[in-house]
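Each remark here refers to the structure printed beneath this line.
The values are calculated or read from the model by the stated rules, or taken from the named source; none is laboratory data. Fair warning: this is a prediction, and the values are worked out from it, not measured in the lab. Heads up, the Cβs are rebuilt from the backbone with ideal geometry, glycines too, and the neighbour counts pull from every protein chain shown. Side chains are part of the model used for accessible areas, which takes the heavy atoms of the whole protein and leaves out ligands, DNA and RNA. Shrake-Rupley method; radii C 1.70, N 1.55, O 1.52, S 1.80 Å.
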Amino acid sequence: MFLTVIGALNEGFIQTLKLFAVTLIGALPLGLVVSFGSMSRFTPLRWLSRTVVWIIRGTPLMLQLIIIFYIPGYLLPSGSPWPSGESGRFLASAVAFIINYACYFSEIYRGGIQGVPVGQQEAGEVLGMTKGQIFRHITLLQMIKRIVPPMSNEIITLVKDTSIARIISMQEIIWAGYAFLKGSHGYSGLLWPLFFTGIYYLLFNGLLTLLFGWVEKKLDYFR
Amino acid sequence: MSILEVHNIEKHFGPTRVLEDISFSLDQGQALAIIGSSGSGKTTLLRCLNFLEKPDRGTISVGGSVIFDAADPATQRESEVRKKRLHFGMVFQSFNLFPQYTALKNVTLAKELLSQERPDFKQNKKAILEQIQIEGQELLAKMGLSERANHYPSQLSGGQQQRVAIARALALKPDILCFDEPTSALDPELTGEVLKVIRSLAEQKTTMIIVTHEMAFARDVADDVIFMDGGVIVEKGPARDVIEHPREERTRQFLSRYSEN
Ligand SMILES: Nc1ncnc2c1ncn2[C@@H]1O[C@H](COP(=O)(O)OP(=O)(O)OP(=O)(O)O)[C@@H](O)[C@H]1O
Ligand SMILES: [Mg+2]
């Protein structure tokens, strides 16, 4: 029984990790684009970016996920654009998560970029450096240093947030654990697999915490 | 002959006029002190010289050639501004050292980046970079900071940081070195070491413009003094005359606030 449960939980956890990874790969660069939008000197673009960020951060991810998964099916004459089955649920989740996390990341980027004192930029300018040199050699590392702590918080939240994809029945690890309560693989009424999923989250987040701690330490040599 | 000539500089921030009809000249090897109360436009003037602000009117000439003319956009091209800036060095009130680099790297970084533009950089890379290192070490030694070359700014006192910043500005051998209240951010007991360095630069005939609230220092170290108030030059002349025998009533009032304490 134990091995059956672990096998099923592992399978669910792989979906969890996939959603986690795809969200990071999509949201880290998209967030940077959104943050540039929010800092743009072109007012309509700045307004648009900030409004989108406000809406996405101001509403639950669960609601956004439901809207992205179900609403297109009602509106489009051709029916739901999502492929049927688990792949469609995964794709819809990935889109919702990427948009949601890009907005959170954009605010972190913005804080990091605007947090570097203008004096740093000006000191580079009066020394005859180009804009590119100033970014690469002076401001970039200072931004990264500012971004890492809030970013690690957000990424650890993301690990846990992936469980929200269960609302559209994406088969991540909580879904897999819950299945043993409802009945699956010939078992039902099992409570412990659901609790056991917590161990996965704890171990994975423990690993991430160590990783981010290491990065922060690496950047500790300057203030 | 004057190395620097500033003519009729005017600068607005929105509707407020911050500089008005600023004209002065500076001879090679001379030190000019600028004094004046808070908000009189001293920092803005230095920032205009360093192309950190763009004056609305006026011209700036270095070594006889016009490097900025508000009326001539050709003198304001971004690509050339970068090179023209190098006529000036700037020491900021708040140091603005690069925190992620050691004292030595702070001094050498800009020179290393500039040297990449040399046509012979590829062939002589090693020798060029080595030479820059040596010069950086020498500059730090001149500032009395040989022992601190490998320290990061956060490991240095304010006075040491400001001396690194002076070395950093000197590394590019500017024609004119500008100081914006170099000791205002320092604890009183640390101002002396920085003033001493500036004094020795003056003795070596470094061309300098020093914005300062240290009146005795301005009197003893500068050749000329300019007193600014409300964005205009109220009085200028030999340092001793302006500070000890000001002609203008506004200068007298300003200076009396310093002699009281
Ligand atoms: N970027 C800016 N935008 C708007 N107003 C500015 C800006 N920079 C300076 N000012 C205004 O210009 C005036 C002159 O400022 P400046 O910093 O040149 O004075 P200062 O003589 O250096 O004063 P302090 O002795 O306090 O350093 C002040 O009234 C200031 O508020
Ligand atoms: Mg000032």
(request) Check B:VAL221 against each of (1) away from ligand 1 (no atom under 16 Å from the Cβ); (2) open to solvent by less than 30 Å² (accessible area, probe 1.4 Å); (3) within 14 Å of the chain's Cα centre (by Cα) and name the one condition it does not meet. (result) (3)
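Looking only at the stretch B:94-105, filter to residues that are at the interface with another protein chain (Cβ under 9 Å from one of its Cβ atoms) and either open to solvent by 30 Å² or more (accessible area, probe 1.4 Å) or part of a helix (DSSP H, G or I) (or both); which one of those is farthest from ligand 1 (Cβ to nearest atom)? Spell out the reasoning first.
As a first pass, look at the stretch B:94-105 and keep what is at the interface with another protein chain (Cβ under 9 Å from one of its Cβ atoms): B:94-101.
If we keep only those that are either open to solvent by 30 Å² or more (accessible area, probe 1.4 Å) or part of a helix (DSSP H, G or I) (or both) as well, we get B:94, B:101.
Working: B:SER94: 11, B:TYR101: 27 Å.
So the residue we want is B:TYR101.
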(request) Evaluate the following for B:SER184: is it of a type outside the set (Lys, Arg), open to solvent by 40 Å² or more (accessible area, probe 1.4 Å) and closer than 16 Å to B:GLN93 by Cα? (result) yes
(request) Given the conditions (1) more than 11 Å from every other protein chain (Cβ to nearest Cβ); (2) buried (at least 19 other Cβ atoms within 10 Å of the Cβ), report the number of the one that A:VAL126 does not fulfil. (result) (1)
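Would you be able to tell me the number of residues in the stretch B:161-178 that are touching a residue at least 40 places away in the same chain (Cβ under 8 Å) and over 9 Å from B:GLY89 (Cβ atoms)? Before the answer, list the steps.
Step one: list which residues in the stretch B:161-178 are touching a residue at least 40 places away in the same chain (Cβ under 8 Å), which gives B:161-162, B:164-172, B:174-178.
Remaining after also requiring over 9 Å from B:GLY89 (Cβ atoms): B:161-162, B:164-165, B:167.
So the count comes out to 5.
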(request) Within the stretch A:111-123, work out how many residues are among the polar types (S, T, N, Q) and either closer than 13 Å to B:PHE51 by Cβ or more than 7 Å from chain B (Cβ to nearest Cβ) (or both). (result) 2
(message) I'd like the full set of residues that are away from ligand 2 (no atom under 16 Å from the Cβ) and open to solvent by 70 Å² or more (accessible area, probe 1.4 Å), limited to the stretch B:6-20.
(response) B:HIS7, B:ASN8, B:PRO15, B:ARG17
(request) Give the residue, chosen from A:PHE36, A:PHE20, that is in contact with a Leu (Cβ under 7 Å, 6 or more places away or on another chain) and not aliphatic (A, V, I, L, M). (result) A:PHE20
(message) Quick check on the stretch B:21-28. Is at least one of its residues more than 16 Å from ligand 2 (Cβ to nearest atom), away from every other protein chain (no Cβ under 14 Å), within 24 Å of B:ARG82 (Cβ to Cβ) and crowded, with 20+ Cβ neighbours inside 10 Å?
(response) yes
(message) Step by step: first the residues of the stretch B:47-69, then only those that are farther than 16 Å from B:VAL232 by Cβ and either within 16 Å of ligand 2 (Cβ to nearest atom) or in contact (Cβ under 8 Å) with a residue 60 or more places away in the chain (or both), then the one that is most open to solvent (accessible area, probe 1.4 Å). Which residue is that?
(response) B:GLY64
(message) For the list (1) closer than 21 Å to B:GLY89 by Cβ; (2) within 14 Å of another protein chain (Cβ to nearest Cβ), I need the number of the one condition that B:MET143 fails.
(response) (2)
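Regarding the stretch A:164-179, can at least one residue be identified that is more than 23 Å from the chain's Cα centre (by Cα) and either within 14 Å of chain B (Cβ to nearest Cβ) or modelled with pLDDT under 95 (or both)?
Here is the first cut: in the stretch A:164-179, the ones more than 23 Å from the chain's Cα centre (by Cα) are A:178-179.
Within this subset, residues satisfying the condition of being either within 14 Å of chain B (Cβ to nearest Cβ) or modelled with pLDDT under 95 (or both) are A:178-179.
Yes, the stretch A:164-179 contains a residue that is more than 23 Å from the chain's Cα centre (by Cα) and either within 14 Å of chain B (Cβ to nearest Cβ) or modelled with pLDDT under 95 (or both).
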(request) Can you tell me which residue within the stretch B:205-217, out of those that are under 14 Å from the mean Cα position of the chain (by Cα) and within 16 Å of ligand 1 (Cβ to nearest atom), is farthest from the other protein chains (Cβ to nearest Cβ)? (result) B:THR212
(request) Select from the stretch A:1-59 the residues that are more than 16 Å from the chain's Cα centre (by Cα), free of Cβ contacts under 8 Å to residues at least 60 places away in the same chain and part of a loop (DSSP other than H, G, I, E, B) and list them in ascending order. (result) A:SER40, A:ARG41, A:PHE42
(message) Name the single residue that is farthest from the other protein chains (Cβ to nearest Cβ) among those in the stretch B:180-204 being charged (D, E, K, R) and within 16 Å of ligand 1 (Cβ to nearest atom).
(response) B:GLU181
(request) Scan the strands (runs of 3 or more DSSP E) fully inside the stretch B:1-81 and keep the ones with 2 or more residues being more than 16 Å from ligand 1 (Cβ to nearest atom). (result) B:2-13, B:16-27, B:57-62, B:65-69
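Hey, among B:ALA127, B:ALA218, B:ALA167, B:ALA202, which residue is within 16 Å of ligand 2 (Cβ to nearest atom) and either among the hydrophobic types (A, V, I, L, M, F, W, C) or in contact with a Leu (Cβ under 6 Å, 6 or more places away or on another chain) (or both)?
Numbers: B:ALA127 fails: within 16 Å of ligand 2 (Cβ to nearest atom); B:ALA167 fails: within 16 Å of ligand 2 (Cβ to nearest atom); B:ALA202 fails: within 16 Å of ligand 2 (Cβ to nearest atom).
Criteria check complete, one pass: B:ALA218.
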(request) Being out of contact with any Gly (no Cβ under 9 Å at 6 or more places or on another chain) and away from chain A (no Cβ under 11 Å) is the filter here, so list the residues in the stretch B:161-178 that pass it. (result) B:GLN161, B:GLN162, B:VAL164
(request) Just one of (1) open to solvent by less than 60 Å² (accessible area, probe 1.4 Å); (2) under 20 Å from the mean Cα position of the chain (by Cα) trips up A:GLY79, so point out which. (result) (2)
(request) Please tell me if B:THR43 is within 16 Å of ligand 2 (Cβ to nearest atom), within 14 Å of chain A (Cβ to nearest Cβ), at negative phi and open to solvent by 40 Å² or more (accessible area, probe 1.4 Å). (result) yes
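Which ones in the stretch A:1-57 are among the small types (Gly, Ala, Ser), out of contact with any Asp or Glu (no Cβ under 7 Å at 6 or more places or on another chain) and either modelled with pLDDT of 95 or more or buried (at least 17 other Cβ atoms within 10 Å of the Cβ) (or both)? If you could, list the steps in order and put the result at the bottom.
Filtering the stretch A:1-57 for residues among the small types (Gly, Ala, Ser) gives A:7-8, A:12, A:21, A:26-27, A:31, A:35, A:37-38, A:40, A:49.
This time we only want the ones that are out of contact with any Asp or Glu (no Cβ under 7 Å at 6 or more places or on another chain), so: A:7-8, A:21, A:26-27, A:31, A:35, A:37-38, A:40, A:49.
Matches in the stretch A:1-57: A:ALA8, A:ALA21, A:GLY26, A:ALA27, A:GLY31, A:SER35, A:GLY37, A:SER38, A:SER49.
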